[in-house]
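Data block below; observations after.
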Amino acid sequence: MTPTPSGPQVHRATILDVAAAAGVSRQTVTRAMNDMPGISASTRERVQRLAAELGYSPSRFAKALVQGARTSLGLAIPDLTNPYFPAFASSVVEEATQRGWNVVVDDFGHGSGTGLDAVERLGPQVDALVGYLGPSSDAAQSLMGRRPVVVLDYPSSQAAGGISFDYPYAARIALERLQSGQRRRIAYLDADQEQPATTRGRAVAAAAAEAGISLTVRQAGESAQSAREAVHELMQDEGGIDGLLVYNDLMAAGALKALRDAGRRVPEDCAVIGMDGIPLGELVTPELTTLSLDLRAVGRAAVDLADNLLSRRIKAGSQDSALVLNHQLVLRQSA
């Protein structure tokens, strides 16, 4: 006699489980579950029976795609605890909703998750995908096939479309601001996500070299606390700095805390400039000068590009599919 399971089944059946049980392709399962032509009645009945036995039901989003209903857009986000990404996600959802689209969000940046993990989860549910996918970008496009992927902040991607940011320009205007305030001992706090430097970090280093600035560079995790600790160490090693440019605004908030801890006045003793332009910058004391992105414009550009790629008004991989957006220097109290 077959033993009865002592607890609930925790594995949710997938389309691949049904395909394996029926000995058919994934496409055949899709056809069977959505009453599409191209398969025999006996195959359809067998697949549907096995699906019922396994407890499989197709995603309502995927089913909508097959039946020609609303467009579904996938949104892959690396960390919704970083205020930048909810602000960006909100702009994408707003723009997509105005088109009558569904948006399916995946926050992949916790534990060992990668952008490709998010694409594997979102892929069966969406027509197109937008995301901060980094090194997973090319594999993501391969996994999505002909459905367009719009990658943000990864210019070397071979995805259908991309939106990048002109960091050399941003670095120049930030360093010019610090120099105009007679700052001569300038440091840059980079994120530790890449070695030896991020794309932003490389742009800042190049702009500093071009301007003849001897730049001190440190790296920290992308959190206020990590930045606070890194700036504490920076102050011990390079206590004479009088200008600080920071990878993002969240880290800049931690830097402000560290400078206050060290008894350094901002901006009198040390000017601070962040990057991204999230609302947090207006809530800290002193208010944060920042290299700001118009996140509503970024979200609008991402959805517009996905729409144009879907409709083939823009060809995947063409010059028109690669957009470059600029930061603007927003002057507040910290610099």
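The values are calculated or read from the model by the stated rules, or taken from the named source; none is laboratory data. Not measured: the values here are computed from a predicted model. Methodologically, a virtual Cβ is constructed for each residue, glycine included, from the backbone with ideal geometry; neighbour enumeration extends over all protein chains shown. When the accessible area is computed, the model is the full protein with side chains, heavy atoms only, and any ligands, DNA or RNA have been set aside. Shrake-Rupley method; radii C 1.70, N 1.55, O 1.52, S 1.80 Å.
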Q158 being part of a helix (DSSP H, G or I) and in contact (Cβ under 8 Å) with a residue 24 or more places away in the chain: no
Residues within region 293-335 that are more than 30 Å from I186 (Cα to Cα), more than 16 Å from the chain's Cα centre (by Cα) and of a type in the set (V, I, T), tallied: 1
Residue within region 314-334 that is in a loop (DSSP other than H, G, I, E, B) and open to solvent by less than 10 Å² (accessible area, probe 1.4 Å) present: yes
Hits in region 210-259 (condition: closer than 19 Å to L80 by Cα and open to solvent by 60 Å² or more (accessible area, probe 1.4 Å)): E222, Q225
Residue in region 40-49 that is of a type outside the set (S, T, Y), buried (at least 20 other Cβ atoms within 10 Å of the Cβ), more than 28 Å from the chain's Cα centre (by Cα) and at pLDDT below 85 present: no
Where a residue in region 35-52 is assigned to a loop (DSSP other than H, G, I, E, B) and its partner, wherever it lies, is surrounded by fewer than 12 Cβ atoms within 10 Å (Cβ to Cβ), with Cβ under 7 Å and at least six apart: none
Every residue from region 166-197 that is surrounded by 18 or more Cβ atoms within 10 Å (Cβ to Cβ) and either among the hydroxyl-bearing types (S, T, Y) or more than 24 Å from D79 (Cβ to Cβ) (or both): Y167, R172, L175, R177, L178, R183, I186, A187, Y188
Restricting region 72-100 to residues that are touching a residue at least 40 places away in the same chain (Cβ under 8 Å), assigned to a loop (DSSP other than H, G, I, E, B) and more than 11 Å from the chain's Cα centre (by Cα), the residue that is surrounded by the most Cβ atoms within 10 Å (Cβ to Cβ): P83
Test: residue in region 244-262 that is closer than 25 Å to V93 by Cβ, modelled with pLDDT of 95 or more and touching a Gly at 6+ places or on another chain (Cβ under 7 Å): yes
From L122, L143, residue being at pLDDT 90 or above, in a helix (DSSP H, G or I), touching a Gly at 6+ places or on another chain (Cβ under 7 Å) and farther than 23 Å from V324 by Cα: L122
